[in-house]
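Asker: Please read through the structure below; I'll follow up with questions.
Nothing in this text is a laboratory measurement; each read-out follows from the coordinates by a stated rule. Only a predicted model underlies this, so the values are computations on that prediction, with no experimental measurement involved. Methodologically, a virtual Cβ is constructed for each residue, glycine included, from the backbone with ideal geometry; neighbour enumeration extends over all protein chains shown.
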Amino acid sequence: MPDHQADKSKQQVDNTAIKRYFENPAGGTAATVSMMAHEHNLPASATAYRLQKEIRNASGWLDKIDSTASVLDLGCGAGTWTEIFGKRYKSVIGIEQSSMMAKAARERLTYLSNIRIVEGDVRHTLPEGRFELIFLGGLCMYLNDHDVVELLCKFRSRLTEGGSIILRESTVHQGVHFSEGAYQAVYRSVHLYHKLFDRSGAFHVEVKRNYGYTNLVTAEELVNLRRKWLPFLSKDSTALGSLTWWMLRGMAPISFWALPRILAHFNIQWPRLQNHFFRLSPVK
Ligand SMILES: C[S@@+](CC[C@H](N)C(=O)[O-])C[C@H]1O[C@@H](n2cnc3c(N)ncnc32)[C@H](O)[C@@H]1O
């Protein structure tokens, strides 16, 4: 899956290819594919670690939302975050265009009666009603700019008084990168996300870096380096994947805490992908 730094402003992602990819991903379970953690043979505890850190990171925002809230989870995948919302809030609707993912989410969440999973493309399928929270976890990276702007504009009339939108998106240090081929995605910088938010009307925007994602992607980058420089070792070894993860975890204060901050301080753009949480509150 070649990636290209794109100055080609006309480059677009193709929703048909994206739908196809998530209907029939190569390897992994729906849950690991949903977190894009299925290609590097890392142990399940790596995704669990990322998720725990993400929940902690977002909890300041989530705790402010009343337990009577209605939540919309767009591009809900296998339902990881839908489940978190279902346990915290009164009702949740998850929208997902891949039948394989929607089925996995339904199976996982049958025990929570306050959750409904709807199969459909978020660009055309938005349920009636108003919501205290609209969550997009890794969705805008599969949407072209005009679709993101159109959706955010629509959301303004779908939020309750005081309601907000939370996005969790993979980002790049600057500009925009497109992943082309079977796996298509658009990775924008935080600056470009701000521009899209500006085009969508007046929002108060808060941003937090998602270090849980950076920790996981650091392990993935090391697996990529090992595959490149030590090709005689098995590419898909789960033992080597686990070894990479546990070495990093064993040195977490250095590898997971200090390293990303030092690299950011010296403006070293590694790992190539970052991830950010954005909270958007409409300004009257
Ligand atoms: C990276 S996964 C994230 C899943 C989930 N939000 C999470 O955080 O675990 C992105 C999901 O968005 C879904 N998706 C992408 N474009 C979509 C669209 N236009 N409408 C509905 N779902 C979409 C994909 O099928 C995939 O399941």
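Asker: Rounded to a whole number of µm²/s, how large is the Stokes-Einstein D of the chain at 37 °C and 0.692 mPa s, given Rh as the Kirkwood radius over C-alpha pairs?
Answerer: Using the Kirkwood radius from Cα pairs, D works out to 168 µm²/s.
Asker: Continuing with the same structure: In nm, give the distance between the simple-model label positions of ASP66 and SER281, each being 7 Å from the Cα along the Cα-to-Cβ direction.
Answerer: The answer from the label model is 1.5 nm.
Asker: Using mean Cβ contacts within 10 Å as the protection proxy, how do 121-127, 213-219, 174-180 order, highest first?
Answerer: The packing order, highest mean first, is 213-219, 174-180, 121-127.
Asker: Just from its helices, what would the mean residue ellipticity at 222 nm be for the chain, if runs of 4 or more DSSP H residues each count -39500 (n - 2.57) and the sum is divided by every residue, rounded to the nearest 500 deg cm²/dmol?
Answerer: After summing the helix terms and dividing by residue count, I get -12500 deg cm²/dmol.
Asker: How do 129-135, 43-49 rank on mean C-beta neighbours within 10 Å, highest first?
Answerer: With the highest mean Cβ count within 10 Å placed first, the list reads 129-135, 43-49.
Asker: If you take the C-alpha gyration tensor of the range 120-236, multiply each eigenvalue by 5 and take the square root, what semi-axes do you get, largest first, in whole Å?
Answerer: Rounded to whole Å, the semi-axes are 33, 15, 14.
Asker: How long are the semi-axes of the ellipsoid equivalent to the range 1-157, from square roots of 5 times the Cα gyration tensor eigenvalues, in whole Å, largest first?
Answerer: 24, 21, 16
Asker: For an R0 of 45 angstrom, estimate the FRET efficiency from the Cβ-Cβ distance between ARG156 and ARG249 and round to the nearest 0.05.
Answerer: After rounding, the FRET efficiency stands at 0.60.
Asker: Another one. Using alpha carbons only, how many degrees (0 to 90, rounded to 10) separate the axis of helix 211-229 from the longest principal axis of the chain?
Answerer: For 211-229 against the chain, the angle is about 40 degrees.
Asker: Would you tally the net charge around LYS208, using a Cβ to Cβ cut-off of less than 13 Å, leaving LYS208 out, and scoring K and R as +1, D and E as -1?
Answerer: Value of the local net charge: +2.
Asker: Okay, next question. Using Cα atoms only, what is the angle between the long axis of helix 238-250 and the major principal axis of the chain, expressed in degrees (0 to 90) to the nearest 10?
Answerer: 80
Asker: Roughly speaking, what is the stretch gain from ILE55 to ALA264, that is 0.36 nm per residue apart minus the C-alpha to C-alpha distance, in nm to one decimal?
Answerer: The ILE55-ALA264 span can extend by a further 73.0 nm.
Asker: So what are the radius of gyration and Dmax for the Cα set of the range 215-265, in Å?
Answerer: For the range 215-265, the Cα radius of gyration and maximum Cα-Cα distance read 11.8, 36 Å.
Asker: Separate question: Which net charge results for the neighbourhood of THR16, defined as the other residues with beta-carbon distances under 11 angstrom from its beta-carbon, given Lys and Arg at +1 and Asp and Glu at -1?
Answerer: -1
Asker: Return a whole-number percent for the relative contact order of the chain, with Cα pairs under 8 Å and 6 or more residues apart as the contact set.
Answerer: Reported as a whole number, the value is 24 percent.
Asker: Rounded, prolate or oblate: which one fits the range 25-76, using the alpha carbon gyration tensor with axes a ≥ b ≥ c (rounded when a/c is under 1.5, else prolate when a/b beats b/c, else oblate)?
Answerer: Oblate shape, in that a/c is at least 1.5 and b/c is the bigger or equal ratio.
Asker: On full extension of the chain, what length is gained from ASN114 through GLN12, given 0.36 nm per residue of separation minus the C-alpha to C-alpha distance?
Answerer: Stretched out fully, the ASN114 to GLN12 stretch lengthens by 33.1 nm.
Asker: Separate question: Tell me the net charge near TYR49. Cut-off is 14 Å between Cβ atoms, TYR49 excluded, with +1 for each Lys or Arg and -1 for each Asp or Glu.
Answerer: +2
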